[in-house]
1. For the subset of the stretch B:253-268 comprising residues that are closer than 16 Å to B:Leu338 by Cα and open to solvent by 70 Å² or more (accessible area, probe 1.4 Å), which member is nearest to the other protein chains (Cβ to nearest Cβ)?
2. From the list B:Leu271, B:Leu246, which one is open to solvent by less than 30 Å² (accessible area, probe 1.4 Å), of a type outside the set (S, T, N, Q), more than 8 Å from chain A (Cβ to nearest Cβ) and closer than 21 Å to B:Ser312 by Cβ?
3. Which count do you get for residues in the stretch B:315-347 that are within 23 Å of B:Ala129 (Cα to Cα) and not polar (S, T, N, Q)?
4. Tell me whether the stretch B:314-327 contains one or more residues that are at pLDDT below 95, within 22 Å of B:Asn229 (Cβ to Cβ), surrounded by fewer than 21 Cβ atoms within 10 Å (Cβ to Cβ) and within 14 Å of chain D (Cβ to nearest Cβ).
5. Among the residues of the stretch B:151-167, is any within 15 Å of the chain's Cα centre (by Cα), away from every other protein chain (no Cβ under 12 Å) and within 27 Å of B:Leu338 (Cβ to Cβ)?
6. Exactly one condition in (1) under 28 Å from C:Ile218 (Cα atoms); (2) within 14 Å of chain A (Cβ to nearest Cβ) is not met by B:Asn207; state its number.
7. Just checking, does the stretch A:119-126 include any residue being without any contact (Cβ under 8 Å) to a residue 40 or more places away in the chain and β-branched (Val, Ile, Thr)?
8. Return a yes/no flag: does the stretch D:91-101 have any residue that is under 30 Å from C:Asn278 (Cα atoms) and part of a strand (DSSP E or B).
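The values are calculated or read from the model by the stated rules, or taken from the named source; none is laboratory data. Keep in mind that what you see is a predicted model, and the values were worked out from it rather than measured. Methodologically, a virtual Cβ is constructed for each residue, glycine included, from the backbone with ideal geometry; neighbour enumeration extends over all protein chains shown. Protein only, heavy atoms only, side chains kept; ligands, DNA and RNA dropped before computing areas. Shrake-Rupley method; radii C 1.70, N 1.55, O 1.52, S 1.80 Å.
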Number of protein chains: 4
Amino acid sequence: PLTSPTAEARVLVINTGGTIGMTIHDNVLAPTANALVKSLRKLPILHDAMYAQQTGLYDYYSYENTLVLPLSKDKKRIVYSILEYSPLLDSSNMTTDDWGRIGKDIEKNYENYDGFVILHGTDTMAYTASALSFMCEHLGKPIVLTGSQVPIFEMRNDGRGNLLGALLIAGQFVIPEVCLYFYNKLHRGNRVTKVDAGSFNAFSSPNLAPLATAEVDIKINWDTVWRPNTTAKFQVSTELNRNVGLLRLFPGITSATVKAFLQPPMMGVVLETYGSGNAPDNRPDLLQELKKATDSGVIIINCTQCLRGTVSTSYATGMVLMDAGLIAGGDMTPEAALSKLSYVLAKDKLDLDAKKKLMGRNLRGEMSVDLAGAKLCLSDS
Amino acid sequence: PLTSPTAEARVLVINTGGTIGMTIHDNVLAPTANALVKSLRKLPILHDAMYAQQTGLYDYYSYENTLVLPLSKDKKRIVYSILEYSPLLDSSNMTTDDWGRIGKDIEKNYENYDGFVILHGTDTMAYTASALSFMCEHLGKPIVLTGSQVPIFEMRNDGRGNLLGALLIAGQFVIPEVCLYFYNKLHRGNRVTKVDAGSFNAFSSPNLAPLATAEVDIKINWDTVWRPNTTAKFQVSTELNRNVGLLRLFPGITSATVKAFLQPPMMGVVLETYGSGNAPDNRPDLLQELKKATDSGVIIINCTQCLRGTVSTSYATGMVLMDAGLIAGGDMTPEAALSKLSYVLAKDKLDLDAKKKLMGRNLRGEMSVDLAGAKLCLSDS
Amino acid sequence: PLTSPTAEARVLVINTGGTIGMTIHDNVLAPTANALVKSLRKLPILHDAMYAQQTGLYDYYSYENTLVLPLSKDKKRIVYSILEYSPLLDSSNMTTDDWGRIGKDIEKNYENYDGFVILHGTDTMAYTASALSFMCEHLGKPIVLTGSQVPIFEMRNDGRGNLLGALLIAGQFVIPEVCLYFYNKLHRGNRVTKVDAGSFNAFSSPNLAPLATAEVDIKINWDTVWRPNTTAKFQVSTELNRNVGLLRLFPGITSATVKAFLQPPMMGVVLETYGSGNAPDNRPDLLQELKKATDSGVIIINCTQCLRGTVSTSYATGMVLMDAGLIAGGDMTPEAALSKLSYVLAKDKLDLDAKKKLMGRNLRGEMSVDLAGAKLCLSDS
Amino acid sequence: PLTSPTAEARVLVINTGGTIGMTIHDNVLAPTANALVKSLRKLPILHDAMYAQQTGLYDYYSYENTLVLPLSKDKKRIVYSILEYSPLLDSSNMTTDDWGRIGKDIEKNYENYDGFVILHGTDTMAYTASALSFMCEHLGKPIVLTGSQVPIFEMRNDGRGNLLGALLIAGQFVIPEVCLYFYNKLHRGNRVTKVDAGSFNAFSSPNLAPLATAEVDIKINWDTVWRPNTTAKFQVSTELNRNVGLLRLFPGITSATVKAFLQPPMMGVVLETYGSGNAPDNRPDLLQELKKATDSGVIIINCTQCLRGTVSTSYATGMVLMDAGLIAGGDMTPEAALSKLSYVLAKDKLDLDAKKKLMGRNLRGEMSVDLAGAKLCLSDS
């Protein structure tokens, strides 16, 4: 009689698209349906064909999309199934709808897997990782986004290493977070930003140390891993508000530009300010437009355009923006703030004040305010 | 008869404002007129009062704003005069008008000084440094912007070191560039961006190595220093077009937002795209708005929102933006691209095509295309 | 009647010598007696002369060697007295005797001060910091070593910043450790090594994150600060064994060299091995010499010659050295291991086995074994 | 008729041993004869079996040890043959004899290959790379050493990437140097040192920038690549003197230790001094031993024990060592200085003075003195 293989961890890989699975056609890189799984099946480090046959893996799981890693150092097997989107998506084209779809697919399969890996183009991976971190409520299993700068089919590439590391972490460690794994580092998903368009080391988590490093050994920084303090049931909130935007301050920005940007249906805006949250204080025209918007119910978050830094409520410098009704974004990345707005604004049962409060609170480790900051650092004065 | 002290280098310090010269009033940091020079006069490393008296420096120069550094290691004297703006400016409030004013002040004093130091708030220093680099045509002397994260009056501060390093470089080395000096590094001014709101090491030059480091010794990287190949007369072009803007792409950006941003009088826009210059290619609505704008004469530059990276014309990925009439921004920072637009668009004698060509060419070392790139790197294929 | 000024912290600065206090004579840098305190008295950021006069500081403390910092941000005063060694010492000349003298001076003054700053040449500062960390038993106050690459008298120097930071930390924070402060970072003293002979950023703590960073604010990483779990009385153990040495493995090292190095009176040796603690296993001549030495009572510690890394007891690779009687040094620096040997070997009441056990145990946070390692990292297998 | 495949580059891989080719036996990693080539044959990115069959590669070259990479991006084929040492060597066991053997194997095969890859354990790879750089006179082809921290047979490893990168560089670029390739960087072989025992990023070139980086593209820094200015015939000087040693200064080092170390047959010693080349100047006993040795013909090179730094002849501080007859080692690594001694001392036709002069001169880019230093940096004074 057919029995399930035991002592195996199961990981669901959702292949949304991106460079990692592209192939060359007429000298142009492009996505190809089913190419990834076919290709992985030929790579011995990513699929142990002999084990699959011997254990009757394909009798139990579907042949088409199920693979199994070689035995890991601690004698575990990771069986992974690939759910490929059709058509495959270019990450430049990703929208809130696509975030919702990924969320639903995780929810649907949540009970059947020990962890999840999301393959995704690098261009908007930080936005998607942030969004998923908010959408996934009471998460108890790892969700690891990854991808690559060079396709897995090329001779020298970063795709194999990224996928392998993501699978090993998703299958072996109970890190109940939405993470992003790239170039041997695991980051919290809502803390990263793409900082290099041409290097394997493409992502940075400027305001938080990595959750793990995977070099000779995989080392988890358990003190940093986020622990939910509820035991509520996991659910994915796929309701997302699309009327959100990102506006970067620059010298000479006109009030007309700001006004146009803040027009309905815009409901939430991340304003990328200078330094620790600064804006011109000699521009009543500008401040008035901001104030008009917040008065009419638009939520505006004050985030810095610097890679590293914090916008706090205690600085005098950003006071004019507080007066204009903006909310301090702390050390959130613009990507995290934008997707948090999208998530919070969709909470129809909450009134505006409640939404504003949520925006200023730490929900998923995306800001340091109530979190590690207090514990880890004590600033002199 | 009164004779000028010889063997001295002369540096003009233009104090526009910023944290470096702030003092505390009622627990709030604020700029105070003439406070900086008074304070410097009391700091022995920044003013050699005995030398000033002995040499009759104040008979020759004005007492109020002239100071002299102690003898440098190679037995040189740097006499510096401070031209302070009234009122002092918060860098968040800086506009093209202020860039023009600084430029005019340099031009007016160009023949009388060996070098120039511009004290400036850090928030928009990268924007101003970029703008000045374009405005200063046929520059033959160093112009060094600096400032600090902590006021020079505080006990532990970065202002003294930054000012001292800037003075020593401006007074001793013929680096005919607009530079930015911070935390012991000299960068090309149009290559920097503020990356840290809370650290002394606030600026990064992501796509170009420093021009100099100043630790135990000052080491100039002469191979990187930009050399003009003309001997034309120095002049400052203070004509700047204000109708320029900076727009960052984000998932779900609407064509309405883009359309509103591109409305007249907007004439030049830096579009911060994904990765190596990517944008959604499944959004005809969005691309149409961009195309409409470029067709009507708006110049749009494609720059990456990644800290490091290059948008080249050779990638297929950014093709839809090329088709929409955008110009590849290479490895220019958004700050450099924005101020270059402001400078180029003001060249009234040039037609639109000539302006577009200028935008794609390397004018002041702001992009690597015709510069070091070809010489220093050879990419495999 | 004369009353002591209150609300002041008191710091003792022991000036042993080094570049920080040197002056130029006939074009050569050299130490000069009493030059440092005279010079500091003229620097307003390092001495508030007006406060000293107004409060009658000199009536209470000695004029000659007492200074006071300006008011700190949190309204504290740090009064510091300088105890200068005569003659001033070149750190290259430092020996165990000098370590003992510093230790005794700390012990003698322990009750009268809130913290201690040791000015020291950079060349052997890591050795002295390590030694003091072991000698100071049941330490409850901060001891901060610092110095500089460029003398405090020079125009552009790192001495003022280093001294100021060390004073502020020693006077304001209860960090009961021997630390080393350099270039805005506070490190545990027995974790550092000098890595750069020509940069302000001269020290590295390769296997432990900094205890604090001092940029715009001073941020203490309290989770890393070492807390003694005893309340025993502070004492300094100045008994140190001088018959210790440091030997680095290299390809082709002869057994004659090793034998000569291990001759009596040598009693303790740090062997700098390859990688994770490796040595030739095909060299019975060499291994025999090591075994002979350990058999005769020499304690040999196996440390890596790599900047970063750990020699553990669990690796098969270093097995031949274990068999030869060596003790795994974990992630101790060679400097820490050497001075720990010097300290442990002088414990006359302990027999050889007890000394060996002490060498393998974590005494002052110098190795990660029983400390942070277990807590912070979980290695996969 | 049998024809040679054209348009192929040929690389000889000399597998001396090391972690990269180890396999597990009874839970212990150990080298296994012929295991590497068998394993590579199964990895599609490192061997294109179909191409080998179709082109009759095995009719032309030997089947046992010849493999071929997939087509590279620029349509080149790299055919590589593996010459495996028997028995495989642990790098901890490597001696001058092994360096000589590798040199001879390169010389013997020099005309038949376009480039060479040396697989080597990481522990002494920096020593071997340095030695080969001196032994190879008038080198006109790339020799690239590499290896790994984790065996190529393990699931997650750095061996495949390192071997692949080394092959692509050795087969495609005319870099006439002995190099070391690790973790996506190509370094000059006599500039590296192993700095991390537990990370993929194990090597550092502290005083010279990388020759190339291999991430999304392979970028060669041609300005740094060393160009011989002779066209003399390539030859390998396998004569090496074994009577050389490495001695690190430490506080309290006794003259007895130094004397013992310098005894005959010792002929050349690298003394790792403090900082910029400093040693105790109050230790006539020590200095006398050094002087005695140099007087009797031992060549002693003064190198710093700091990772980064330079020992120059111009500093007063190291003067006592100059007086004792030591030669300034500039910014040579100890590894480079040791193997250079071994090479120079074996030049029997040269007298002592000529040998000393050679030691102070830049022979293969191992020091910056007559090289880039002058061109790239100008120190202020």
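1. Among those that are closer than 16 Å to B:Leu338 by Cα and open to solvent by 70 Å² or more (accessible area, probe 1.4 Å), it is B:Pro265.
2. B:Leu271
3. 18
4. Within the stretch B:314-327, none of the residues are at pLDDT below 95, within 22 Å of B:Asn229 (Cβ to Cβ), surrounded by fewer than 21 Cβ atoms within 10 Å (Cβ to Cβ) and within 14 Å of chain D (Cβ to nearest Cβ).
5. No.
6. In the conditions (1) under 28 Å from C:Ile218 (Cα atoms); (2) within 14 Å of chain A (Cβ to nearest Cβ), B:Asn207 misses (1) alone.
7. Yes, the stretch A:119-126 contains at least one residue that is without any contact (Cβ under 8 Å) to a residue 40 or more places away in the chain and β-branched (Val, Ile, Thr).
8. Within the stretch D:91-101, none of the residues are under 30 Å from C:Asn278 (Cα atoms) and part of a strand (DSSP E or B).
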